[in-house]
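Notes follow the structure.
None of the figures in this text is laboratory data; all of them are computed from the coordinates on show. From a predicted model like this one, the values you see are computed outputs, not experimental measurements. Positions of Cβ are backbone-derived with ideal geometry, glycine not excepted, and every protein chain shown enters the neighbour counts.
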Amino acid sequence: MQCVAFRGGKRAGAVHDVDKIGEAMAEDGHIVWLDLLDPTPDDFAKLQTTFELHPLAIEDARTVHERPKIEQYPKYLFMIVQPASWSGDHLLTHELAIFAGHRFLVTIRRTPEYAIDEAERRWAVHDGELGSDTGFLLYTLLDTVVDGYFPIGDRLEEWIGELQNKLFSTDADPRKLSEMLREIFELKNDVHHARRAVVPMRDILQPLVRGDLKFFERDQERYYRDVYDHAIRVIDQLDSARDLVNSALEIHLSLVANRQNEVSKQLAIIATIFLPLTFVTGFFGQNFGWMVNGITSRVAFFGLGIGVEIVCLVALIAYFRIKKWF
């Protein structure tokens, strides 16, 4: 647990005792930011008592994997957002519950925890007059979350570009095609998870942008509009990435189908080549007695026994070339 009090947009000091949070909020011009990581039932009970939170909001905050949303209560706003980050090559989505009142901001994080260091840094360098209430603090937090989506989209687009280059540069090796199919589905899964985290931000920010939720004293809609514009840009980027992944999957399926057609054509050509050869050898095999009595020289043997097969083979190959079958 971390609890910090601010006055006039500047850090006034840490609050180490939960029971003294009410006193800190009561002081003129003070706002409190309380951050909890994996809180216990007792922590939720203290939150409900200290900040007078509604039981339904507490229940939603306690629920793991709750869908992103925003709700207004008489004395505060409650929202759940899903930040995203990379852990190596693995996409992580986090859960962040936020209670924003006139004098307090409560953030509840779940494991895997979302790092709020960047939000704290931005808050520390803001203009004091702008940051004198929790409206701007909430904006700073949401802006940090949305800006964190851009590296997700950029990295996905980069991987999709590399995958498309592999698809067009491969030598139709079946092992390579199988590996690329796995990569395509992994990318498709990452794009799906990223969109599940980002798209709800549009619905969360719309009431704040339109002014439907008249809660904060200061008119800060333009700041939330900037965050909303960033969210729309990321959503468009992820929609484009989703279309590119689907296109890559279609290209992969086309390559597999073309390879199967090539293999089938090659097998058909081989079978067609051996068809007259089989006929010739079968004909001479069924007339073995005539061969013994009729073929008395090497020229006749090679001419009839092997020459006919060579002539048939050359004729078939020439015909295939004329038809451009290979």
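Below is a table of values for the structure above.
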item: Average projected area [Cα convex hull, the range 78-140], square nanometres; result: 4.6
item: The chain, dipole about Cα centre (Lys/Arg Cβ +1, Asp/Glu Cβ -1), debye to the nearest 20; result: 2040
item: Where labels lie 7 Å past Cα in the beta-carbon direction, separation of LEU277 and ALA318 in nm; result: 1.9
item: Size descriptor, Kirkwood hydrodynamic radius, that averages inverse alpha-carbon separations across the chain, Å; result: 25.1
item: The range 2-256: relative contact order as a whole-number percent, Cα under 8 Å and 6+ apart; result: 18
